[in-house]
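In what follows, a structure is listed as structure tokens, so that the remarks can point back to it.
The values are calculated or read from the model by the stated rules, or taken from the named source; none is laboratory data. Source: prediction; values computed, not measured. Virtual Cβ from ideal backbone geometry, glycine too; neighbours counted across all protein chains shown. The accessibility values were calculated without ligands, DNA or RNA, using every heavy atom of the protein model including side chains. Shrake-Rupley method; radii C 1.70, N 1.55, O 1.52, S 1.80 Å.
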Amino acid sequence: MFRTTDILKTSLYLRPCIHPSSRSFVHSLPRNFPRIGRFTSEKSFQSTPPTFRDQVARSIEVGSFSSRFPRPTIRNQILFFVGGSLLAYSIAASQTEIDTEYWSKQLVSVSHRWTLRPPTTEEMRKAQYLELGKYLQTQVNQLKDTLAEWPLALRNLILSVYVQAAQSYLDAPEGRRLCWLICGVNTAIYLVWKIPRLAPFMTRSFTHHPLSGRSYTLLMSMFSHKSFIHLLANSMALASFGALVSFLEGSAATHYFTLEQLKHGEHQQEATAKWHFLAFFISAGLFSGLVSHVAACKILFPRLVNQYTASAVIKNSPAAAAISSTAVKTATTAPREILPSLGASGAIYAAVTVSALAFPDAQVSLIFPPFVSIPIQAGVGGLVMIDMIGIVRGWRMFDHYAHFGGAAFGAIYYMYGPQWWAFMRGEYQQLRSHTS
């Protein structure tokens, strides 16, 4: 039980704490309160402290839209083209030298007349033709023995088809046989595209996307075709013009080697031109892909970023309402996307260009109406003109930059290709002589 007198005494002691005596601001010591201006607004005392997110946003400078997407580089792709082309021509020169030495020894072992002089290029190629004919005949005889127990009608049918195919393969130029082999590789890769489970792998490894940063896809995409029409068109063009290029390289190189033989002897005989053409095909494909890559990184990508930036500014800025509706619609349209590329069109363009420059009087037949024959230079010039218009107009159905790069590579190679090939073979011969 509480006593009243104690409560009253307690209230006397607590009264100064509950109701302290008021004191004017004017009589407060300056050391207790900061100095405040006379005209300071009361809102300054009511402002809330900034949040952590606001402090981070104020401390970090917000970059522009284009700075968030660094421009893709082209250095690795250029190095890959240079290194890949040098490697392709080095292997081609070494394999050509090995084949030439082999067939030269074969002919010397057959007849002693070649001990007095080395076999010529034409003689070694005739020997290869005869050797291939003997091999195909042996295959026919083995097939006959295998089908000996089969019904006569079926056996004759199979033998007839095989003999016709073997004869066509034997009579085809060496360059055309190599083109058939390349078409076979392209067809095999096309069939792999039809496996749904492998679609992500094929897209990643057999198409070249300029924004991916990968370089090896410049090579892999050369042999990749996703649509049958694309594969058929490239195979027909390669089989038609590739053989001409191979024949061109053989005749041009043989003529150049003949002049070199008058100066330096018999050091530049060539038993086969297939390795030369294969190196040409790979280098042309790499160069055309590189041109497309550089154009995408240095031309198309900046345009893409600028379109995104302009679209964002117009959508977010209040001043966009003052712009005419036509301008707003043009600026806010969906920007272009950079698509991956694939196919051997660039390398085939190089082969077609070399063929047109080497055989200016040749005629080509159109595979579409009106199915007329036109001069090859007019046809190739028309194709290059279409690609130039496509580059200017921004057409996206074909990779016009790759086509134009392939045509440029073919023109350059026609002028300097034989000299470059002779240089590579000469360097390999010197290296081999030093090592031996």
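Structure values in brief
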item: Length gained when the stretch Asn156-Gln363 is fully extended (0.36 nm per residue, less Cα-Cα span); result: 70.6 nm
item: Rounded FRET efficiency, nearest 0.05, which uses the C-beta distance separating Tyr216 from Ile299 and R0 of 22 Å; result: 0.40
item: Quotient of C-alpha Rg and 2.2 N^0.38 Å, computed over the stretch 69-158; result: 1.95
item: Residue-level accessible surface for Ser90, protein heavy atoms, 1.4 Å, Å²; result: 50
item: For the stretch 360-429, alpha-carbon Rg over 2.2 N^0.38 Å; result: 1.48
item: Pairs of lysine residues in the stretch 72-205 - Cα separation under 28 Å, sequence separation of 8 or more or cross-chain; result: 5
item: Calculated FRET efficiency for the pair Trp395/Ser433, C-beta based, R₀ 51 Å, to 0.05; result: 0.45
item: Sequence of Trp421, Trp193 when ordered by accessible area, the most exposed leading, probe 1.4 angstrom; result: Trp193, Trp421
item: Heavy-atom SASA rank of Thr73, Thr138, Thr435, Thr272 (probe 1.4 Å, accessible area, largest first); result: Thr435, Thr73, Thr138, Thr272
item: Evaluated at q = 0.16, 0.25, 0.30, 0.33 Å⁻¹: base-10 log I(q)/I(0), Debye formula over Cα of the stretch 146-194; result: -0.68, -0.84, -0.99, -1.10
item: Theoretical FRET efficiency, 1/(1+(r/R0)^6), r = Cβ-Cβ of Val108 and Tyr416, R0 22 Å, to 0.05; result: 0.05
item: Accessible area of Phe423 in the full protein assembly, 1.4 Å probe (Å², nearest 10); result: 100
item: Solvent-accessible area of Ser221 with every protein chain in place, 1.4 Å probe, in Å² to the nearest 10; result: 10
item: Stretchable slack from Ala148 to Ser205, in nm (0.36 nm times residue separation minus alpha-carbon distance); result: 15.9 nm
item: Cα gyration tensor shape of the stretch 390-436, rounded if a/c is under 1.5, else prolate or oblate by comparing a/b with b/c; result: prolate
